[in-house]
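Undergrad: Take this structure, written in structure tokens, and hold onto it; I'll ask about it next.
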Amino acid sequence: MRGSYSVVVSNNLMQFKFTVNRNITILRGDSATGKSRLVELVREYSLNGNSSGVTISCDVGCTTLAGIRWQNEIKEIKNSIIFIDEGFDFISSEEFARAIRNSDNYYVIATRESLFNLPYSIMEVYGLKNKTRKSKYQVYDRIYSEFYPLYDDGIITNKPDAVIVEDSNAGYEFFKAICQKEGIMCISAKGKTNVYKTVKDCECGIILVVADGAAFGSEMERAISLRKAKNLLFFLPESFEWLILKSGLIDGSEIQDVLAHPYDFIDSEKYFSWERFFTRLLTDCSKDTYLQYKKDRLNKHYLNKKEMKAIREAIDSTVDRDNWLHIGDGN
Amino acid sequence: MLNVYYGKMQDVIYNTSVYFSNVFQKTWLDDEYVRKMIKSVDKSEVIGDYLIKSKALGMIAPTQLSGGVKTLILTYFKPDIIFNATTCGDNCARWFLDMAKKEDRTINLRHIMDFGDKDFEIHILNNDMFVHSMKELVLVAGDFL
């Protein structure tokens, strides 16, 4: 499935209004904000249709998944948004990750547990925000609930003393080159699962974490918790490949169109996370050019003055304007 | 003392909501401490044995309480059982600390619950370590998730 879907779920007391942009959306936040109620309303509608008294407005079907027979049930669901409430431990299993890897469904999962088997985006982790609108016809005010993002992709206001880069390949080589120019220590975490430990062990003052936001959702909670103990900043673009595509270095009128609304181009059956799509797009579009991209090793032309400046400008446009990358002239 | 085991754990009640529905006793709602927890977390008021007035949902049954407050009530009344407290948001944290002051409680967490800015004492069972602030806790808990 591809596309972005606006969803409105309502009954006489509550209305939930939100947009689902990717294959995996996570709902967390405080207790008693309505996460379970949302899933319950979807379940009532999927079992009873209009006679449930629940109204669902969405261009694709909405249904729920629960219980020990989930593996059989999931096979029957196509082109739908599947809602899963907390309390079902299969969501953290490898079997579940395998089942949804090539799925043509989108998933909205209510859980505070970090699902390390799933590559979900930091941008698709939401809380529920409730507000009431007075209605003289109802005994109780109707509650209007919206999703709000729990994490942002990066506000970098101070020059860091160390930069920790999630990967050890092309992205790391690029940021290492920038850091060398700025006199900043650059460390590879050698994988997203090592970011927490690498930050924890780093004794530098201000630490900046650079990771692929498109798949860092499962690591974000424990990484960001370290802000209680460390002076920690995050820069989390979709991926390093996304930054290169955004820089305009690679020819192709379609690229900027894709970046403007990726959900219309990324098929959940083919790409478990957007990061993989952007890698594929960059690899294909740069093929047989001097900027031919390979993830495992950075093409040295990306470190040329002009190319590096273009990518740094793409970074600047993604994060806070007063960020550390403005220090120096980028040469 | 509040004991916390981080990460996956055997013999824990994972789906606390289902468990609550099947073990609930009407006398639980008579308890003043339970009423305070319901008021604090769910913004709801106990009216009778099986009736709660919810700001959001109107009159509801105990089974319609939030997953968080159900887990708090279970932890309060069943100290010998370990519950999955990842069903609880940060707005439940102070209640776990409070009830454990009077009598030990053990919970299982699969996320980093924020226990607030004040000092506390939590016994992390994974490595038998005691932490006294979120600053200390975050440097340990993430290793076990």
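The values are calculated or read from the model by the stated rules, or taken from the named source; none is laboratory data. Just so it is clear, the structure is predicted and the values come from calculations on it, not from any experiment. FYI the Cβ positions are ideal-geometry reconstructions off the backbone, even for glycines, and counts take in every protein chain you see. Quick note on the areas: whole protein, heavy atoms, side chains included, nothing else; ligands and nucleic acids left out. Shrake-Rupley method; radii C 1.70, N 1.55, O 1.52, S 1.80 Å.
Undergrad: Quick test for you: out of B:N108, B:N84, pick the one residue that is touching an Asp or Glu at 6+ places or on another chain (Cβ under 9 Å), in contact (Cβ under 8 Å) with a residue 60 or more places away in the chain and more than 21 Å from A:K228 (Cβ to Cβ).
TA: The match here is B:N84.
Undergrad: Right, another one. Could you tell me whether A:I68 is modelled with pLDDT under 95 and surrounded by fewer than 21 Cβ atoms within 10 Å (Cβ to Cβ)?
TA: Answer is yes for this residue.
Undergrad: If you don't mind, another one. Return yes or no: is A:S46 small (G, A, S), in contact with an Asp or Glu (Cβ under 7 Å, 6 or more places away or on another chain) and outside any loop (DSSP other than H, G, I, E, B)?
TA: Here the answer is no, as A:S46 does not meet what is asked.
Undergrad: Give me a count of the residues in segment B:94-124 that are among the aliphatic types (A, V, I, L, M), closer than 18 Å to B:K135 by Cβ and more than 10 Å from chain A (Cβ to nearest Cβ).
TA: The qualifying residues number 3.
Undergrad: A follow-up question, please. Tell me which residues, restricted to segment A:81-123, are more than 14 Å from chain B (Cβ to nearest Cβ), under 16 Å from A:V20 (Cβ atoms) and free of Cβ contacts under 8 Å to residues at least 60 places away in the same chain.
TA: A:I82, A:F83
Undergrad: Among the candidates A:R98, A:R2, A:R22, which residue alone is within 25 Å of A:D264 (Cα to Cα), at pLDDT 95 or above and buried (at least 19 other Cβ atoms within 10 Å of the Cβ)?
TA: A:R22
Undergrad: Which one of B:K53, B:K8, B:K70, B:K39 is surrounded by fewer than 19 Cβ atoms within 10 Å (Cβ to Cβ) and either in a helix (DSSP H, G or I) or not basic (K, R) (or both)?
TA: B:K39
Undergrad: Quick one: B:T27 ticks every box in (1) under 16 Å from the mean Cα position of the chain (by Cα); (2) more than 10 Å from chain A (Cβ to nearest Cβ) except a single one, so which number is it?
TA: So B:T27 meets the others, but not (1).
Undergrad: Just need a number here: residues in segment B:125-145 that are within 18 Å of A:M220 (Cα to Cα), open to solvent by 30 Å² or more (accessible area, probe 1.4 Å) and more than 8 Å from chain A (Cβ to nearest Cβ).
TA: 1
Undergrad: Out of the residues in segment A:208-230 that are open to solvent by 10 Å² or more (accessible area, probe 1.4 Å), facing chain B (nearest Cβ under 10 Å) and touching a residue at least 40 places away in the same chain (Cβ under 8 Å), which is farthest from B:E136 (Cα to Cα)?
TA: A:E221
Undergrad: Give the residues of segment B:11-36 that are open to solvent by less than 40 Å² (accessible area, probe 1.4 Å), outside any loop (DSSP other than H, G, I, E, B) and in contact with a strand residue (DSSP E or B) (Cβ under 6 Å, 6 or more places away or on another chain), sorted by residue number.
TA: Result: B:T16, B:L29.
Undergrad: Restricting attention to segment A:267-280, does a residue exist that is in contact with a Phe, Trp or Tyr (Cβ under 6 Å, 6 or more places away or on another chain), open to solvent by 20 Å² or more (accessible area, probe 1.4 Å), closer than 23 Å to A:K306 by Cβ and of a type outside the set (D, E)?
TA: There is no residue in segment A:267-280 that is in contact with a Phe, Trp or Tyr (Cβ under 6 Å, 6 or more places away or on another chain), open to solvent by 20 Å² or more (accessible area, probe 1.4 Å), closer than 23 Å to A:K306 by Cβ and of a type outside the set (D, E).
Undergrad: Can you find, within segment A:101-117, the residue that is surrounded by the most Cβ atoms within 10 Å (Cβ to Cβ) among those that are outside any loop (DSSP other than H, G, I, E, B) and at pLDDT 95 or above?
TA: Of everything passing the filter in segment A:101-117, A:Y106 is surrounded by the most Cβ atoms within 10 Å (Cβ to Cβ).
Undergrad: Now for a different question. Look at B:K55 and say whether it is modelled with pLDDT under 95 and at the interface with chain A (Cβ under 10 Å from one of its Cβ atoms).
TA: Yes: the conditions hold for B:K55.
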